[in-house]
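In what follows, a structure is listed as structure tokens, so that the remarks can point back to it.
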Amino acid sequence: MSTLLISACLGPPACAAVHTYLFIDGLDVVARSDSRMAGLDPRRLLRPAGPLYPTDMPCTVDVAAQEQPEPGPGRLTIRVRLRGETVIWSDLMYPGLDGRVIEEVRFRLDQYLGEVERAYAALKGQLVIPPSEPG
């Protein structure tokens, strides 16, 4: 089983925009997948019941967009699904520490959800997150 760690850059003055870092077993998945990409805004990815929350029905999630040499249409997507007590990310394509391509990773559901919720709580403490619109 792999381990997920999520971090966020809050934008200026550290960098140009707010974005999310996704680390799997200590490796920055976005940077290793495509160095031109930057993770999407954490308010989009980490919100309660947001796109990173797994369901039995697999879904494709945009996690990053092209930033270099300038913002563009390129997207980095993953497929997220829940199978029992395991969260599976597939359609990956990044080099592992040994240089072999990693195409799929599995997380324990409790570690995965705990990390998404921890990252969201940390984000709420640092950013003003607008309330949801009545729906």
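The values are calculated or read from the model by the stated rules, or taken from the named source; none is laboratory data. These numbers come from a predicted model, not from an experiment. Neighbour counts are summed over all protein chains in view; Cβ atoms, including those assigned to glycine, are modelled from backbone coordinates with ideal geometry. The area values use the complete protein model at the heavy-atom level, side chains included, leaving out ligands, DNA and RNA. Shrake-Rupley method; radii C 1.70, N 1.55, O 1.52, S 1.80 Å.
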message: For the condition open to solvent by 30 Å² or more (accessible area, probe 1.4 Å) and hydrophobic (A, V, I, L, M, F, W, C), what is the one hit in LEU92, LEU82?
response: LEU82
task: Return the total of residues in the range 20-48 being without any contact (Cβ under 8 Å) to a residue 40 or more places away in the chain and part of a strand (DSSP E or B).
output: 6
task: Please list, ordered by first then second residue, the pairs with beta carbon atoms under 7 Å, 6 or more apart or interchain, first in the range 91-119 and without any contact (Cβ under 8 Å) to a residue 60 or more places away in the chain, second of a type outside the set (Gly, Ala, Ser) and open to solvent by 90 Å² or more (accessible area, probe 1.4 Å).
output: VAL101/MET93; GLU103/MET93; LEU109/GLU85
- request: Tell me which of these LYS124 doesn't satisfy, since it passes every other one: (1) assigned to a strand (DSSP E or B); (2) open to solvent by 20 Å² or more (accessible area, probe 1.4 Å); (3) at pLDDT below 95.
  value: (1)
task: Taking only the range 47-59 into account, find how many residues are touching a strand residue (DSSP E or B) at 6+ places or on another chain (Cβ under 7 Å) and either surrounded by fewer than 16 Cβ atoms within 10 Å (Cβ to Cβ) or closer than 12 Å to LEU123 by Cα (or both).
output: 4
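Looking at ILE88, ILE78, which one is out of contact with any Phe, Trp or Tyr (no Cβ under 7 Å at 6 or more places or on another chain) and not in a loop (DSSP other than H, G, I, E, B)?
After applying the criteria, what remains is ILE88.
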statement: The correct count of residues that are out of contact with any Lys or Arg (no Cβ under 8 Å at 6 or more places or on another chain) and in a loop (DSSP other than H, G, I, E, B) in the range 49-64 is 3
